[in-house]
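Input: a single structure, listed below in structure tokens.
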2 protein chains.
Amino acid sequence: MVRKTKRSIQWVQEKNQKKYAGVHLIAEFWHGKIIDDSREIEKILIEAVKRSKNTPLKLAIHKFSPQGITGVILLAESHIAIHTWPEINYVAIDIFTCGEKAIPKRALEYFKKAFKPKKVDVKEIKRGLVN
Amino acid sequence: MVRKTKRSIQWVQEKNQKKYAGVHLIAEFWHGKIIDDSREIEKILIEAVKRSKNTPLKLAIHKFSPQGITGVILLAESHIAIHTWPEINYVAIDIFTCGEKAIPKRALEYFKKAFKPKKVDVKEIKRGLVN
């Protein structure tokens, strides 16, 4: 984890399009591998950050009783969060990354490999879109 | 902050509608009060959690150089995140709360009072929607 970081806005802008601060992938995973070990979720979060070329700052994880894990990793580029409900085999994933260097879809692909969901729903939202 | 928590899925279901796990409010605040003190952002996050009847678990905050703050509070109900870019007077807010007890819109209203943005864009997404 990084302690001090310089950061200034790095707009994302495609040709002839409006500029925006970043991309937020909102994913729902259903009926996949149940992972109810917080160390494993921690490793998955860290690997996802690495693969998507993000900069990790701080990690917070909590394990519920009798099941379920909630975890987030703060990034220089924003955050990645995982919330699991093993009792209904559902995992909510957020990948919110700013700037042009991060590749949030790589994190999503990695999460799919880790959780192997049979059903996936993904929404992509532009954050900080300048109208 | 709470250390041990029991949690099981608490579906949200309106009359004759499909059930879902929770609500995610995605807000963009522009041209408001610039808050670049991490203690102040921490207090705002904690107050937002209280007003929206959520249960705080863990807090992680990071201050960038020369400006900008990124912070998240993990909840028994999911998470609330704030990312600020004072240099463009933009704040990205996520309020993701599961179950029927939380009132995420109260957190949003409180954030509006705190940041006083001149321009606000809010999207509301149902998370864990059962099709």
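Numbers for the structure displayed
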{"read-out": "Gaussian network model of chain B, springs between alpha carbon atoms under 10 Å - residue of B:PRO117, B:PRO104, B:PRO66 with greatest fluctuation", "value": "B:PRO66"}
{"read-out": "Helix B:104-115 axis, angle to chain B major axis (alpha carbon atoms, nearest 10°)", "value": "10"}
{"read-out": "Net charge of Cβ neighbours under 13 Å - reference B:GLY32; Lys, Arg +1; Asp, Glu -1", "value": "+3"}
{"read-out": "Pairwise label distance in nanometres, A:THR5 with A:GLU109, each label 7 Å out on the Cα-Cβ vector", "value": "2.3"}
{"read-out": "Net charge of Cβ neighbours under 9 Å - reference B:VAL72; Lys, Arg +1; Asp, Glu -1", "value": "+1"}
{"read-out": "Solvent-accessible area per residue for the protein assembly as shown (1.4 angstrom probe, square angstrom)", "value": "48"}
{"read-out": "Where A meets B: accessible area buried, both sides, 1.4 Å probe, Å²", "value": "4000"}
{"read-out": "Peptide A:94-102, shielding by other chains (average Cβ, 10 Å cutoff)", "value": "2"}
{"read-out": "Stretch gain in nm, segment A:GLU40-A:ASN16, where the contour uses 0.36 nm per residue and the Cα spacing is subtracted", "value": "4.4 nm"}
{"read-out": "List of segment A:20-34 residues, accessible area with partners at least 20 Å² below that of the chain alone (1.4 Å probe)", "value": "A:ILE26, A:GLU28, A:TRP30"}
{"read-out": "Residues in segment B:16-58 reached by a label modelled at B:ILE88 [backbone nitrogen below 13 Å; 7 Å Cα→Cβ]", "value": "B:28-31"}
{"read-out": "Cα centroid separation - segment A:20-51 against segment A:67-102, whole Å", "value": "5"}
{"read-out": "Chain A: most fluctuating residue of A:ARG51, A:ARG106, A:ARG39 per GNM, C-alpha cutoff 10 Å", "value": "A:ARG39"}
{"read-out": "Carbon and sulfur %, accessible surface of chain B computed with the full protein complex present, 1.4 Å", "value": "49"}
{"read-out": "Test item: B:61-67 mean partner chain Cβ contacts at 10 Å", "value": "5"}
{"read-out": "Distant-in-sequence amide H partners of B:ARG127 (H built 1.01 Å from N, under 5 Å)", "value": "B:ALA21, B:GLY22, B:VAL23, B:HIS24"}
{"read-out": "Residue with peak Gaussian network fluctuation, chain B [Cα springs, cutoff 10 Å], from B:GLU47, B:GLU77, B:GLU87", "value": "B:GLU87"}
{"read-out": "Average other protein chain Cβ within 10 Å of Cβ, residues B:8-15", "value": "2"}
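The values are calculated or read from the model by the stated rules, or taken from the named source; none is laboratory data. Owing to the predicted nature of the structure, the values given are computational and were not obtained by experimental measurement. Note that each Cβ is placed from the backbone with ideal geometry, even for glycine, and that neighbours are counted across all protein chains shown. We work out accessible area using only protein heavy atoms, side chains counted, and drop any ligands, DNA or RNA first. Shrake-Rupley method; radii C 1.70, N 1.55, O 1.52, S 1.80 Å.
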